[in-house]
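Here the structure comes first, spelled out in structure tokens, and everything after it is commentary.
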Amino acid sequence: MALPSNASGTARLLTVPALLLLLSSAALLVFLILPSLSPSPATTAHLCACSPPTTTHTTTTVTTTTTTASPAPVTTSPADVAWLKAQLASNSLPLLASRDSWHRLRKGINPRTREQQLFDINRHHGISHYPDEEAANHTALPCPGELLVEEHHSNYGEPWAGGRDVFEFLANASALTPRDQVLEIGCGTLRVGLHFIRFLEAAKFHCLERDELSLMAALRYELPAQGLLYKRPMIVRGEDMDFSRFGDTVMYDLIYASAVFLHIPDKLVWTGLERLAAKLRPQRGRIFVSHNIKFCSRLGGDECTQRLTELGLEYVGKHTHDSLLFNHYEIWFEFRRPKV
């Protein structure tokens with residue numbers, strides 16, 4: 001293999017620097033003349049009618065909005081009923097069933113009656129239970145079997161569901177808000193009161209009840225079972241219309257007695273109204289009495305009006321409220337305290 005001569009090596013050495021110099025000069029020349037070759041903005045607009053590409057910068061703005069949730073509706077609407085009927089129809093569930101068909105449907109779904117369930121609870125203490133010597137270590141709120149099978153739901157003259165009807169009427173008729181203060185005279189086992197306690201803010205529901213069994217059902221079963229212990233209702237055992245334990249400064253937006261004045265002597269009813277009149281918020285506050293006002297109607301219109309006036313109360317009117325679930329209606333009488 002022949003080695004390159006000196007002449008050819010010299011030529012190669014001279015060519016590389018010259019080539020590098022040439023390329024550098026060309027690059028400098030292009031850099032200097034390129035701006036003059038670019039079209040002006042006017043020319044660009046003329047050449048391209050479309051909008052030039054834009055760079056979008058996304059800015060995230062955090063807006064804090066204070067919203068007040070709409071309160072849950074009190075009354076079942078016609079649209080609610082129509083929806084429910086459609087659901088029943090789509091699932092082939094009849095609106096009404098005979099007694100025989102009802103019992104056939106219960107087959108396989110705990111077909112025991114309430115009495116049979118109570119017998120089994122008392123005999124077996126439920127499905128599983130701790131031995132007697134350990135029983136006190138595990139159950140925080142032991143209930144009598146009668147409460148566990150909800151026997152108290154049948155202790156009154158109406159179905160338990162009637163409590164919802166009473167709540168709906170009173171809450172709407174008094175334009176009740178969760179902040180209002182409510183007193184029920186004779187809340188029993190909270191058939192009505194549960195709905196008010198759930199709707200109202202904590203400690204806004206008061207009740208005066210005389211019956212021990214009803215109070216036991218209300219406090220030892222209904223409030224824990226419904227998860228409403230945190231609402232701290234004030235339920236007081238007492239009779240003779242003594243409201244002193246509720247405090248001297250409390251003002252009520254709603255006071256009601258559902259079928260209670262029927263069982264109280266007229267004189268005691270008037271005593272209670274006299275003690276409550278000053279605790280009813282003027283103008284806005286309402287007293288509602290269901291079924292009848294025998295304590296007033298037996299006196300005659302003129303004398304009743306005079307007594308109400310002496311107490312600082314006036315009769316507003318009579319209302320009829322239908323039940324949603326069963327063929328029943330209630331008559332309510334409304335009173336208020338005129339502006340002081």
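Here, each number is a calculation from the coordinates, and none is a lab measurement. As the structure is a computational prediction, the values presented were derived from the model and not from experiment. Don't worry about glycine lacking a Cβ; one is built from the backbone with ideal geometry, like all the others, and counts go over all protein chains shown.
Taken along the Cα-to-beta-carbon direction at a fixed 7 Å, the label points for residue 294 and residue 154 span 2.7 nm. Working note: Cα gyration tensor of segment 190-242, eigenvalues times five, square-rooted, sorted largest first, giving semi-axes of 18, 13, 8 Å.
Counting only residues at least eight positions apart within a chain, or on another chain, the lysines with an alpha carbon under 27 Å from that of residue 204 are 231, 279, 318, 339.
Once the Cβ-Cβ distance between residue 139 and residue 72 is put in as r, and R0 is 30 Å, what FRET efficiency do you end up with, to the nearest 0.05? It comes to 0.35.
Of interest is the spacing of the C-alpha centroids, which for segment 315-330 and segment 75-124 amounts to 26 Å. For residue 275 and residue 115, a Förster radius of 41 Å and the Cβ-Cβ distance give a FRET efficiency of 0.45, rounded to the nearest 0.05. The alpha carbon convex hull volume per residue for segment 153-336 rounds to 113 Å³. Across segment 151-201, the mean sequence separation of Cα contacts (distance under 8 Å, 6 or more residues apart), normalised by length, yields a relative contact order of 46 percent.
Here residue 130 and residue 90 are evaluated by their C-beta separation; at R0 = 45 Å the FRET efficiency comes out at 0.50.
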